[in-house]
Amino acid sequence: MTRKNSMKLIPALMLLAFAGAAGASGFAIQNQTGSGNGNAFSGAAAAAEDAGTIYFNPAGMTYLPMGHNITAVGTILARKIEYKDTGTFTRAGLVAPGGTTVFAPTGDGGDAGGVGLIPAVYWSYAYSQNLRFGIGVSPTFGNETDYEKNFRGFNSGFFAEMVQMNINPSIAYKVNDMVSVGAGISFAHNEITLKQGIPLTSPVPGFMPGGTYVKITGDDWTTGFNLGALFQLSPNTRIGLSYRSETRFDLEGKQKLSNSATLLGLLTPPVVNQDIKASLDMPANTSLAISHQMDRWQFLGDYTWTGWSSVGTVKLKNKQTGAQINALPFNFQDTYRVGFGVNYQYNDKVKTRFGIAYDKSPVKAAVDRTMTLPDSDRTWLSFGAKYSLSKISSLDIGYSHIFFKDARTAKPVVSSTGVLLQTINGKWDNNSADLLSASYNHTF
């Protein structure tokens, strides 16, 4: 097996289990641990409760027991995405040479959500009392949206899948009783698949049936880093600060038509099967978190900033010539989330959890909201529990329901010559997501 093929095998194995859509805003996947899910991931950069701290704040490894610490996580994600048309505009008559008209489906596309499994695994090792090593493997960004072919937004996009896997070797050092620091390297793989309709159909029988679409695929490996620090202000209070860097992917892949048609003469440049490339900048984020212990109670909170403005317009280009062939405008803005959580140690074996969080969407306005990422502001409501199976093992269960704010779109569909063909006007007013996580933690 070549090195290239072996590197591709890692995300492929994770993809066997992964399906669904992002739980946090944009493409972000917040669901890294069962313990965090029970608190709506509030204060995750200060919690340092299990090996999953490698993702949220690597400095937290210094708070784990001596020896090996392993956390294996699985999250079932069920998301509902239902579109309702509110008056899509479609241009009538000829829009291109050859008597070409606009292909315009009339359905709402059904439920574009679904159910999937998000896996993650973390390992930490205490080399000494002060020095720790670890590694985490998990999806950090992702999205899957799949409408039926009768979807009114067909020409603006009806299928999207993104999975970004992160392999995150990390190190942490306890400077003194008050300060711990940590750092990690991210080996990240991003893979995307998009399907978007060609908004033209020809009156010439057999030339090009309505409903032709392009399928775009691409993938790339890149590297990034993350940093963290924990400050023990008192025996009961600590502050966590973490940063995860922006990552740039130089995606390479293919553009393929859904049939053998070549749209020569109908579009300029013509749509053909070709190799493509594109640059995608996934955002950095910074989190400031606090953990405070009061008898049996633990209070958690955080403010997290994400630099989503790095995701502007993704330009698809011919791999050989560099000529632009398409553009995917997201026009994201930077966002924030705030969270508050409470834990209660009921007895020696059982700890209960509760959390609430508000997560701001990176979508600026209805005109920027895409069909395949109908993102909106959301509120998390979460609860969970930890049960100690023995002195060296425990099980964490966390559940979250995400309430999405009603969202609208007014997305234009423009021909390659700049002619407005459609404006997709619609809304999503009952989107929701449910997340059930289980973590097994083991120390030896």
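The values are calculated or read from the model by the stated rules, or taken from the named source; none is laboratory data. The structure displayed is predicted, hence computed values, not measured ones. Quick reminder, even Gly has a Cβ in these numbers, built from the backbone with ideal geometry, and neighbours come from all protein chains shown.
For residue 241, state whether it is part of a strand (DSSP E or B), surrounded by fewer than 17 Cβ atoms within 10 Å (Cβ to Cβ) and modelled with pLDDT of 95 or more.
Values: part of a strand (DSSP E or B): yes; surrounded by fewer than 17 Cβ atoms within 10 Å (Cβ to Cβ): no; modelled with pLDDT of 95 or more: yes.
Taking the combined requirement at face value, the residue does not satisfy it.
I need the full set of residues from the stretch 284-308 which are assigned to a strand (DSSP E or B) and more than 30 Å from residue 331 (Cα to Cα), in order please. Talk me through it step by step, then tell me what you get.
Taking the stretch 284-308 as the starting set, the residues that turn out to be assigned to a strand (DSSP E or B) are 285-294, 297-306.
Residues satisfying the conditions are 290, 291, 292, 293, 294, 297, 298, 299, 300.
On the basis of being under 30 Å from residue 271 (Cα atoms) and in contact with a Leu (Cβ under 6 Å, 6 or more places away or on another chain), does residue 314 make the cut? First the steps, then the outcome.
On the way: under 30 Å from residue 271 (Cα atoms): yes; in contact with a Leu (Cβ under 6 Å, 6 or more places away or on another chain): yes.
Considered against the rule, which asks whether it is under 30 Å from residue 271 (Cα atoms) and in contact with a Leu (Cβ under 6 Å, 6 or more places away or on another chain), residue 314 comes out as yes.
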Within the stretch 315-339, tally of residues that are in contact with a strand residue (DSSP E or B) (Cβ under 8 Å, 6 or more places away or on another chain), buried (at least 18 other Cβ atoms within 10 Å of the Cβ) and within 30 Å of residue 288 (Cα to Cα): 4
Criterion (within 19 Å of the chain's Cα centre (by Cα), at pLDDT below 95 and outside any strand (DSSP E or B)) met by exactly one of 92, 12: 12
Restricting the stretch 301-311 to residues that are in contact with a Lys or Arg (Cβ under 9 Å, 6 or more places away or on another chain) and not charged (D, E, K, R), the residue that is farthest from residue 350 (Cα to Cα): 310
Some residue of the stretch 341-348 being closer than 30 Å to residue 221 by Cβ and among the charged types (D, E, K, R): no
Residues satisfying the stated conditions in the stretch 326-348, i.e. under 18 Å from the mean Cα position of the chain (by Cα) and either under 22 Å from residue 413 (Cα atoms) or not in a strand (DSSP E or B) (or both): 328, 329, 330, 331, 332, 333, 334
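Per-residue answers, yes or no, for (1) free of Cβ contacts under 8 Å to residues at least 12 places away in the same chain; (2) farther than 30 Å from residue 115 by Cα; (3) not polar (S, T, N, Q):
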{"position": "404", "(1), (2), (3)": "no, no, yes"}
{"position": "407", "(1), (2), (3)": "no, no, yes"}
{"position": "419", "(1), (2), (3)": "no, yes, yes"}
{"position": "424", "(1), (2), (3)": "no, no, yes"}
{"position": "427", "(1), (2), (3)": "no, no, yes"}
{"position": "436", "(1), (2), (3)": "no, no, yes"}
{"position": "439", "(1), (2), (3)": "no, no, no"}
{"position": "443", "(1), (2), (3)": "no, yes, no"}
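Name the one entry in 163, 181 that is among the hydrophobic types (A, V, I, L, M, F, W, C) and over 27 Å from residue 77 (Cα atoms). So that I can check it myself, show each step before the final result.
Working: 163 fails: over 27 Å from residue 77 (Cα atoms).
Criteria check complete, one pass: 181.
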Hits in the stretch 424-444 - residues which are buried (at least 19 other Cβ atoms within 10 Å of the Cβ), in contact with a helix residue (DSSP H, G or I) (Cβ under 9 Å, 6 or more places away or on another chain) and among the hydroxyl-bearing types (Ser, Thr, Tyr): 437, 439
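Which of the following residues is assigned to a strand (DSSP E or B), of a type in the set (Lys, Arg) and out of contact with any His (no Cβ under 6 Å at 6 or more places or on another chain): 351, 364? Give the steps one after another, and end with the answer.
Numbers: 364 fails: assigned to a strand (DSSP E or B).
Exactly one of 351, 364 is assigned to a strand (DSSP E or B), of a type in the set (Lys, Arg) and out of contact with any His (no Cβ under 6 Å at 6 or more places or on another chain), namely 351.
Can you tell me how many residues within the stretch 319-360 are under 22 Å from residue 112 (Cβ atoms) and in contact with a helix residue (DSSP H, G or I) (Cβ under 9 Å, 6 or more places away or on another chain)? Reasoning before the result, please.
In the first step, residues of the stretch 319-360 are kept if they are under 22 Å from residue 112 (Cβ atoms); the result is 326, 328-332, 359.
Filter once more, keeping what is in contact with a helix residue (DSSP H, G or I) (Cβ under 9 Å, 6 or more places away or on another chain): 329-332.
Number of matching residues: 4.
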Failed item in (1) part of a loop (DSSP other than H, G, I, E, B); (2) under 24 Å from the mean Cα position of the chain (by Cα), with residue 322 passing the rest: (2)
Neighbours by Cβ (under 7 Å, 6+ apart or cross-chain): first from the stretch 154-170, under 30 Å from residue 125 (Cα atoms); second among the aromatic types (Phe, Trp, Tyr): 163/18; 164/141; 167/187; 168/55
Condition check for residue 207: of a type outside the set (S, T, N, Q) and either modelled with pLDDT of 95 or more or part of a strand (DSSP E or B) (or both): no
